[in-house]
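Let me begin by presenting the structure, written as structure tokens, before commenting on it.
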Amino acid sequence: MNIFDFYNGHTKPYGIIGNPIEHSFSPVLQNTILQKMGFNGVYVPFRVDEKDMQKAVEGLYALGFEGLNVTVPHKISVMNYLCCIDDTAEKVGAVNTLKRTENGFKGYNTDILGLKKSFYINKIDVKGKKTMLIGAGGAANSAAVLLSQLGAEKIVFVNRTNEKAEALRKHISSFYSGETDVISFDDMYTYEKPDIVINATSVGMGEGVWESPVKESGFFKDINAVFDVIYIPWETKFLNDAKKYGCKCVNGFDMLIYQGIASYEIWHDISVSDETALEIKDALSEYFLKGGKKAVKRNEIK
Ligand code: NDP
């Protein structure tokens with residue numbers, strides 16, 4: 001790369017707002033996309049306190065930012081400072097992508113688009129299927145809206161905090177005509193077997209890398225496919241247990257890559273070709289597995 005062609009007076013600024021932000025993979029992801037697409041832009045991380053959100057959003061607009069990503073804990077509060085919000089993001093109730101318009105930033109949710117693409121490329125077909133969704137936070141909200149949009153026959157919600165699962169079920173039922181239920185973690189082992197199970201909790205990452213939200217691994221018998229939104233470690237205990245029972249197992253890496261590509265597509269009003277998307281994914285999975293994000297494989301964990 002010739003630095004003079006990429007960073008000069010025409011360079012367009014992009015970035016991500018969160019707190020903390022140091023752990024974010026998005027700067028690596030988005031700068032890789034910018035480079036692969038040959039676009040003269042730069043993407044930088046911003047740590048922003050909740051109390052400064054309005055000033056930050058307005059300031060970044062004033063500075064000419066073309067697009068932003070928003071991560072934990074600002075995905076909901078940022079909605080107060082936008083000129084408008086895309087319908088799907090409104091349904092999910094969270095925004096992770098801002099696009100510059102004449103009147104301010106417009107909000108989108110690309111987590112749901114990344115998950116949709118991951119289902120598609122990994123051949124997880126939820127149409128007409130019984131699904132179980134573990135978790136009721138931001139990622140689970142995206143997954144629940146997607147399951148409803150893709151025509152799942154049934155969605156069973158499981159979450160540590162029962163009220164949050166009930167609230168998510170109520171919200172989804174306002175536009176989804178399929179069957180829904182809320183059960184506890186204790187009930188899941190005796191409940192009617194789902195075809196597809198999604199872990200949308202943070203259990204299995206960070207400090208709890210040896211943990212799974214599913215304590216009895218026999219649960220996975222006769223389940224067709226399982227999806228874990230987590231991508232560090234590459235293979236969580238949840239996926240490792242499911243693999244032993246012959247389930248199709250998919251981690252959150254494709255979701256992560258394709259939510260980033262979807263943000264780029266929204267900012268630039270273009271469609272990134274499948275070939276380029278694969279090149280981006282290959283470059284980043286190499287970075288990941290070489291330890292760029294201190295990624296560890298499950299069998300390396302003692
Ligand atoms: P939230 O904080 O919104 O939700 C966390 C969820 O995990 C809640 O349902 C919470 O339950 C549950 N949970 C947390 N700790 C425990 C525990 N010890 N036992 C049982 N349940 C627990 O987080 P997000 O939804 O934003 O993120 C969840 C995961 O998804 C993270 O690992 C994140 O990295 C990942 N993610 C991946 C993406 C990708 O592109 N692959 C995109 C977005 C997120 P409770 O309601 O009871 O607190």
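Each reported figure results from applying straightforward, stated rules to the coordinates on display, with no laboratory input. Predicted model, so just to flag it, every value in this text is computed and none were measured. Every residue, glycine as well, gets a Cβ built from its backbone with ideal geometry; the counts of neighbours run over all protein chains shown.
Of all DSSP beta bridges in the chain, what percent run antiparallel (nearest 5)? Antiparallel: roughly 20 percent of the beta bridges in the chain. Suppose R0 equals 45 Å; then what is the FRET efficiency for Phe4 and Asp222 from their Cβ-Cβ distance, rounded to the nearest 0.05? My answer for the efficiency is 0.15.
Relative to the longest principal axis of the Cα atoms of the chain, the long axis of helix 53-62 makes an angle of roughly 40 degrees.
Note that the stretch 202-207 has calculated 3J(HN,Hα) couplings of 8, 6, x, 10, x, 4 Hz, one per residue in order, obtained from phi through the Karplus relation 6.51 cos²θ - 1.76 cosθ + 1.60 (θ = phi - 60°); glycine and proline are x.
Once the other residues with Cβ under 10 Å from the Cβ of Gln149 are scored (Lys, Arg +1; Asp, Glu -1), what is the net sum? All intermediate terms of the calculation are to be shown ahead of the outcome.
Working: positive: Lys91, Lys116; negative: none.
Result for the local shell: +2.
For His268, His23, His10, His74, which order do you get if you count the other beta carbons within 10 Å of each Cβ and list the fewest first? Mind showing how you got there, number by number?
On the way: His268 18, His23 13, His10 9, His74 22.
Going from sparsest to densest Cβ surroundings: His10, His23, His268, His74.
Taking other C-beta atoms within 10 angstrom as a stand-in for reagent exposure, Trp267, Trp234 fall in the order Trp234, Trp267, fewest first.
Long-range amide H contacts for Glu235: which residues qualify at under 5 Å (H placed 1.01 Å from N, peptide plane, sequence gap of 5 or more or a different chain)? Residues meeting the amide H criterion: Arg298. What residues qualify as long-range amide H neighbours of Ile16, i.e. H under 5 Å apart, gap of 5 or more or another chain, H built at 1.01 Å from N? Distant-sequence amide H within range of Ile16: Val44, Phe46, Asn69. Which residue fluctuates most in the GNM of the chain (Cα springs below 10 Å): Val92, Val72, Val226? Result for the chain, Cα springs under 10 Å: Val72 fluctuates most. Apply the a/c threshold of 1.5 to the C-alpha gyration tensor of the stretch 119-237 and tell me whether it is rounded, prolate or oblate. Because its axes are fairly even, with a/c under 1.5, the stretch 119-237 counts as rounded.
Which of Glu275, Glu265 comes first, and how do the rest follow, when ranked by fewest Cβ neighbours within 10 Å? Let's see the in-between values first.
On the way: Glu275 8, Glu265 18.
Lowest count first: Glu275, Glu265.
Principal axis extents of the Cα atoms in the chain, from largest to smallest and rounded to whole angstrom, are 62, 42, 34.
Couplings 3J(HN,Hα) for the stretch 70-80, derived from phi with the Karplus relation 6.51 cos²θ - 1.76 cosθ + 1.60 (θ = phi - 60°), are 10, 10, 3, x, 9, 5, 9, 5, 4, 4, 6 Hz, where x marks Gly and Pro. Close amide H contacts of Phe157 (hydrogens built in the peptide plane, cut-off under 5 Å, sequence separation of 5 or more or a different chain): Leu133, Asp181, Val182, Ile183. Across the stretch 158-173, coupling constants 3J(HN,Hα) worked out from phi with the 6.51/-1.76/1.60 Karplus curve, θ = phi - 60°, read 10, 8, 4, 9, 4, 4, 6, 5, 4, 5, 5, 4, 4, 4, 5, 5 Hz, and Gly and Pro carry x.
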